[in-house]
Every structure is written in structure tokens, then in C-alpha cells.
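This structure is in C-alpha cells; I'll ask about it shortly.
Values in this text are rule-based calculations from the coordinates and carry no lab data. Predicted model, so just to flag it, every value in this text is computed and none were measured. Cβ placement follows ideal geometry from the backbone for every residue including glycine, while neighbour counts extend to all protein chains displayed.
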Amino acid sequence: MVMTKQRIVGRTIDLRDVTASDASFVFSLRRDPLRRTYLSETPDDLHAQLIWIERYRAERRQFYFIIEDKRGAPLGTIRVYDLQPDSFCWGSWILRPGAPPKAALESALLVYEFGFRELGLKRSHFDVRKENRRVVEFHKRFGAKIVRENDLDYFFTFSVHDYMSIRPKYVGFLPESAAAITEFAGTATLTASSHS
Ligand SMILES: CC(C)(COP(=O)(O)OP(=O)(O)OC[C@H]1O[C@@H](n2cnc3c(N)ncnc32)[C@H](O)[C@@H]1OP(=O)(O)O)[C@@H](O)C(=O)NCCC(=O)NCCS
């Protein structure tokens, strides 16, 4: 299945499909010594990054976004991948030094809106290095659950049901158009049954 999404519009940031011209930004972000500790290794080769993006754009089996501000300045990256019949994985989540403080929260919310509302999936799954305490805490604060662990990683799951129960608290970080939506198509039964 070929999948494309050009832009996800947020309140103070947007997610925009990555292009070949983003290669040096992505490369410098992923090679940043303060950012790369808990990421999978990025080869020290800008050309390899460019090839990776070109292959991504040719294959279209996942979604790789640049997080940018409303003037189009790049702030970071985020990726939705490993799409399964009812679940999506997300990660490659990086913000550059000096990104606005709430860019992390907004970008995570936009990924959940995309996966749960637009793609209509019921769950999200992702793994986080145990030592990446800040990110582990971020996900726990949202209510994501650790379902498995190994020496290195925690494996989280976060359901649309979990998301809908915290969403009202965060609606102010979503675009105004999202605020009016209180039920997601395809998840209405799930939401309704949680009240019965
Ligand atoms: C992952 C990454 C993008 C997260 O961004 P971050 O800015 O560190 O995220 P934080 O957890 O500090 O959250 C940002 C702000 O949102 C706030 N916030 C986070 N979760 C929140 C919640 N549930 N409710 C309200 N506010 C929340 C935080 O308090 C923080 O605000 P503050 O700066 O005023 O305290 C960033 O740490 C990064 O680039 N890390 C390196 C790469 C990496 O390890 N990626 C993850 C791989 S799994």
C-alpha cells in the first residue's frame, strides 16, 4: 500500500512530509552528540541520509515528517511506521536545541490525531530506551503502558481509548478545528462502550 501525507496542521507547529532537501537538517539532527544517545545509529555519511529519504519517498510505506514552525523553520523530525492492521508505531522523534518548549507535546498529539483519527487505528506501539528517562516519563505521563521490556528497552502500548480519555486535557495544544471533534469515526463504539 502506498501512503502519503503532505502536511498535518497543528496549533503552533506543523508536520510536513520530508523531502530530499531536508537531508542535511535530518543528518545534523541525528548526528548531534546531545541528541543521538538513544537513537539507532546514523552513519556519518550525508549522502546515505539523502539516499534514505529518496528511498522513503519512492516506497511510501511509512510517514516521515519534519516538525516545523508556522514560518516553515525546521524544528525536528517524527515518524509513523510499522503500520499493522490495527496499530502504528511512532518514533525517530527529535527536536533541535532551542525548539519551542511545547513542540514535543504538540508533535506527539499530532501523531496520535493522525494515527487514531485519520488512519482510524486502535493502538499505537513504540519502544524507548530504558535510560532515556525523560522520554519514558513523557509517555507514562500520557498514560501509555509498558507491556514488555528487555535489558535495553521498554515496549509501550497506547490505545485510542487511552488517548480519548486524556485528549480533553490537551485540546488547547491542538488546532482549533480539532477542538470541536470529541469522537473519532471508527472508534465511536469503543468510546461509547467505555461509558456503559
Ligand atoms: C524526544 C524529544 C523530542 C522530546 O522533547 P523534550 O522537549 O525533551 O520533551 P519534554 O518531555 O521535556 O517535554 C517538553 C515540554 O512539554 C511538557 N510536557 C511533556 N509532557 C507533558 C504532559 N503530558 N502534559 C503537560 N506538559 C507536558 C514538559 O513539561 C516540557 O515543558 P517544560 O520545558 O516547560 O518543562 C527530545 O528530548 C529529543 O530530541 N531527544 C533526543 C532524541 C530522542 O531520544 N528521541 C526519542 C527516541 S525514543
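Which distance in nm do the two modelled labels at E137 and K70 give, with both placed 7 Å along the Cα-to-Cβ direction?
Reported label-point gap for E137 and K70 is 3.0 nm.
The range 1-100: which GluC sites (Glu not before Pro) are DSSP loop and have at most 12 other beta-carbon atoms within 10 angstrom?
E41
May I ask for the angle, rounded to the nearest 10°, between helix 46-59 and the longest principal axis of the chain, with both axes built from Cα atoms and the value confined to 0 to 90°?
40
Can I ask one more? In degrees between 0 and 90, to the nearest 10, how far off the longest principal axis of the chain does helix 103-112 point, with axes built from Cα atoms?
Relative to the chain, helix 103-112 is tipped by roughly 60 degrees.
Compute the long axis of helix 133-142 from its Cα atoms, compare it with the longest principal axis of the Cα atoms of the chain, and write down the angle in degrees, 0 to 90, nearest 10.
Tilt relative to the chain: about 30 degrees.
Need one word for the chain: rounded, prolate or oblate. Basis is the Cα gyration tensor (sqrt eigenvalues a ≥ b ≥ c); a/c below 1.5 gives rounded, then a/b vs b/c decides.
The shape class here is prolate.
Given the C-alpha centroids of the range 129-143 and the range 7-70, what is the distance between them in whole angstrom?
The two parts, judged by their Cα centres, are 22 Å apart.
Nearest 20 debye, what's the magnitude of the dipole of the chain about its Cα centre given +1 on Lys and Arg Cβ and -1 on Asp and Glu Cβ?
Magnitude of the dipole: close to 340 debye.
Across the chain, how many lysine pairs, 8 or more apart or on two chains, come within less than 29 Å at their alpha-carbon atoms?
So the count of such lysine pairs works out to 23.
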